[in-house]
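Down below is the structure, laid out as structure tokens.
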Amino acid sequence: MMLPLWTMWMKMTQISFLTRLFDLLAPRACPKCGRRLSISEQPLCAACNLALPRTNYHENALENPVARLFWGKFPIEKGAAFLFYKPHSSTSRLIYKLKYFDSPEIGYTLGQLVASEYMAQNFFHNITALVPVPLTRKRIIKRGYNQSVEIARGIKSITGLPIIENAVKRTHFSESQTHKDQWSRLKNVENAFQLCHPEKLSNQHILLIDDVMTTGATLTSLAKELMKAENIKISDLAHWFA
């Protein structure tokens, strides 16, 4: 049932007033450059948003460098990564803040940003659920959260897609992948995941959510385990592509 126009205007006015009041009492800062955000800027300031090194791979989600990483490894439906990773850049510092400096809000707001942009290109068409790459319980306790879950939460807030977190678990946390070749990366995450509730993924088209993708070894290992579920389709979306 539609609300009367007067009621809708009052609600919008109230929200705007409360938002402005909150910004006055607790000013928001751009997580990339630290500058104070204006009332209309979310989640980054306008300058930082424009400067983000976007891949635009979502415009051809069936054939791009990310999707091609998985050809011949598992039947991927579509794939993309939001940003290019550039070492020692202000953008790369967002990753470190998200992963190591207790800043889950960065994942959430960047998830909102990528979802808002990719919705316009129908990237989420036919996707039925989001599956963040799981961490071990020990790693979650140490960090306080799973950064891929935070990104997925931001995507959910825009798309309305449900998040499935407990259908698969990580059996061990692999050591850093940074200085490993492709073969070593694959061995590093081999058998790292265990499917616990295949019925939750059956007949679904899931979108795997990861923070940083390099060779795709982690997502390949995860996808192969998820393929044990009945009639499942798999796509993937990373926030950074190194």
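Going by the alpha-carbon gyration tensor, a ≥ b ≥ c the square roots of its eigenvalues, is the stretch 101-146 rounded (a/c under 1.5) or, if a/c is not under 1.5, prolate (a/b greater than b/c) versus oblate? Oblate, because a/c is 1.5 or more while a/b does not exceed b/c.
When both the stretch 26-82 and the stretch 104-164 are represented by their alpha-carbon centers, they are found 12 Å apart.
Oblate is the label for the stretch 203-242, because the ratio a/c of its alpha-carbon gyration tensor axes (a ≥ b ≥ c) is 1.5 or higher and a/b is not greater than b/c. In terms of its alpha-carbon gyration tensor, the stretch 69-171 comes out rounded; the largest-to-smallest axis ratio a/c stays below the 1.5 threshold.
The numbers here are math on the coordinates, done by the rules we state, and not lab data. A quick note: this is a predicted structure, and the numbers were derived from the prediction, not measured.
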